[in-house]
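Contents: one structure, followed by commentary.
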Amino acid sequence: LNETDVFMELAPRKRWRDGGKPAIEEAIRDVLTGYPGITTTFTQPIQMRTSEMLTGSSADIAVKIFGPDLATLARLTDRATTLISGVEGTADVKASVSEGGKYLAVEVRPEVAAQQGLDTATLGARLQAQLEGLSVAEIIEGERRVPLRIGSAAADGGDRPASTAALSQRVVLLPDGSAAALEDIARISYSEGPVLIEREQGKRFGLVGVNVADRDVVSVVDDIRAVLSEPGTIPKGYSVSYGGDFENQQRAAQRLMLLVPFALVLIILILFSTLGGLSRTAIILGNIPLALMGGLLTLFASGEYLSVPASVGLIALMGVSVLNGVVMLTRLDALRDSGTDLAEIVVEGATSRLRPVLMTAVTAIMGLVPLVFASGPGAEIQRPLAIVVIGGLFTATITTLYLLPLVYLRLESRHGR
């Protein structure tokens, strides 16, 4: 079993081929496809380490099949790999290697153990000490721990047998002091077994790593779940779970489902206590849906997907739209108290607040534009957030300068003020 990380430093961006980094990955993938037995995946160094520590896989989606039997898990993992490869948007689909390990089995003959007055396990342990060496202690040298082993030169690698025939002729010492060839004491053969047994929460599982291309992670997982849930695909007693970056995204989305309503309730309470009326609070809250709509439309037009960074951008939009609304409404209230005609109040208030609202929007947009065109490490996180905020600021600004004053005019006129 061999797993290798290759870190590639890309040439300057001006020398890249058309299509950017996805085109480079596809070209490398085409070259490596011709090598049998090799599966590849593409990631960023820090992202890979973080994902491996949090979820055990560096892939965007980690499909884990849990069950008791290793052979069945290997068969189900291979079957799942074939099915998942046919799902649109999947790339670099690879299964963890679990079967195919070669083992040299030395099975002690029960009759020999009985002649020595021992059971097979005890006699086997003594033979193992002569063949491989016996760990008797551990020496600590500073931060290093060195095992102390007692064994023959063969056990230490000086005369390691090259075949089962050579091993069968190895002379070993029996507990009664006599010497005999190993083939007279034990049966020697090659056997196949698992290369690696992976467990999570005490359960064995097989892993299929999947990267996502040209689609959002959630919809790809939904399609994979539909394929694997077909009758007969996963037998009774076996189950499937989904991890990787998808697991982190789901965990973050669950937190957002709690934080967003809490933030909305907190905003409503603050506005209600400040403005002193539910209708006036509703005027400002009306900015929020239109601001979010602009952010989502811009996200869709750019080809990005609704991810956790994009959701954080939507939360930031809520704050900006409420801030602009409060600035406009407090100015209109101040002019209304002066006794001027209501229509003139609305025009003058919107005109006087044009510069502050535009400065807020333009400053934020100019600060986020570099993130939209970023290509370095972390760009995949920064870009969706910046796109959402920029698009939402456009609609929030228009709503604050035009729609909010009109709604204010209508509401105040209805109340006879």
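How many angstrom lie between the Cα centre of segment 258-293 and the Cα centre of segment 94-133?
So the separation of the two Cα centres works out to 72 Å.
Could you tell me how many degrees, from 0 to 90 and to the nearest 10, lie between the Cα long axis of helix 217-228 and the main elongation axis, the longest principal axis, of the Cα atoms of the chain?
50 degrees
I'd like the orientation of helix 379-398 relative to the chain: the angle between its Cα long axis and the longest Cα principal axis, in ° from 0 to 90, rounded to 10.
10 degrees
Pick from MET359, MET48, MET328: which residue has the top mean-square fluctuation in a GNM of the chain where Cα pairs under 10 Å get a spring?
MET359
How large is the charge dipole for the chain, taken about the Cα centre, if only the Cβ atoms of Lys, Arg (+1) and Asp, Glu (-1) carry charge, to the nearest 20 debye?
Around 1320 debye, computed over the chain.
Between LYS203 and ARG414, what FRET efficiency follows from the Cβ-Cβ distance if R0 is 41 Å, with the result rounded to 0.05?
In this case the efficiency is close to 0.05.
Per residue, how many Å² of accessible area does the chain show with a 1.4 Å probe?
59 Å²
Going by alpha carbons, how many degrees (0 to 90, nearest 10) lie between the helix axis of 404-414 and the longest principal axis of the chain?
Roughly 50 degrees, rounded to the nearest 10.
If you place +1 on the Cβ of every Lys and Arg and -1 on the Cβ of every Asp and Glu, how big does the dipole about the Cα centre of segment 185-314 come out, in debye to the nearest 20?
460 debye
Return the FRET efficiency for the residue pair ILE398, TRP16: r is the Cβ-Cβ distance, R0 is 45 Å, and the value is rounded to the nearest 0.05.
0.75
Between LEU323 and ARG251, what FRET efficiency comes out of the Förster formula 1/(1 + (r/R0)^6) with R0 = 35 Å and r the beta carbon distance, rounded to 0.05?
Using R0 = 35 Å, I get an efficiency of 0.70.
At what distance in nm do the modelled label points of ILE140 and THR330 sit from each other, each positioned 7 Å from its Cα along Cα→Cβ?
That separation, rounded to one decimal, is 6.3 nm.
Pairs of alpha-carbon atoms within less than 8 angstrom and 6+ residues apart define the contacts here; what relative contact order does segment 338-417 have, in percent?
44 percent
Give me the distance in nm between label points sitting 7 Å out from Cα along the Cα-to-Cβ direction at VAL362 and GLN169, one decimal.
9.2 nm
Identify the chymotrypsin sites (Phe, Trp or Tyr not before Pro) of segment 315-412 meeting these criteria: DSSP loop state and at most 11 other C-beta atoms within 10 Å of the C-beta.
PHE373
Given a 1.4 Å probe and every protein chain left where it sits, what share in percent of the accessible area of the chain is carbon and sulfur?
C and S fraction of accessible area: 59 percent.
Using Cα pairs under 8 angstrom and six or more residues apart, how large is the relative contact order of the chain, in percent?
18 percent
Add -39500 (n - 2.57) for each DSSP H run of 4 or more in the chain, then divide by its residues: what number comes out at 222 nm, to the nearest 500 deg cm²/dmol?
-17500 deg cm²/dmol
Could you pull out every one of the lysines with an alpha carbon less than 23 Å from that of LYS203, ignoring same-chain neighbours closer than 8 positions?
LYS64, LYS94, LYS236
For volume of the Cα convex hull per residue in Å³, the listed values are (1) 198; (2) 152; (3) 253; which was obtained by calculation from the structure presented?
Matching the structure shown: (3).
The values are calculated or read from the model by the stated rules, or taken from the named source; none is laboratory data. Fair warning: this is a prediction, and the values are worked out from it, not measured in the lab. Reconstructed Cβ throughout: ideal geometry from the backbone, glycine too, with neighbour counts over all protein chains shown. These area figures cover heavy atoms from the full protein model, side chains too; ligands, DNA and RNA do not enter into them. Shrake-Rupley method; radii C 1.70, N 1.55, O 1.52, S 1.80 Å.
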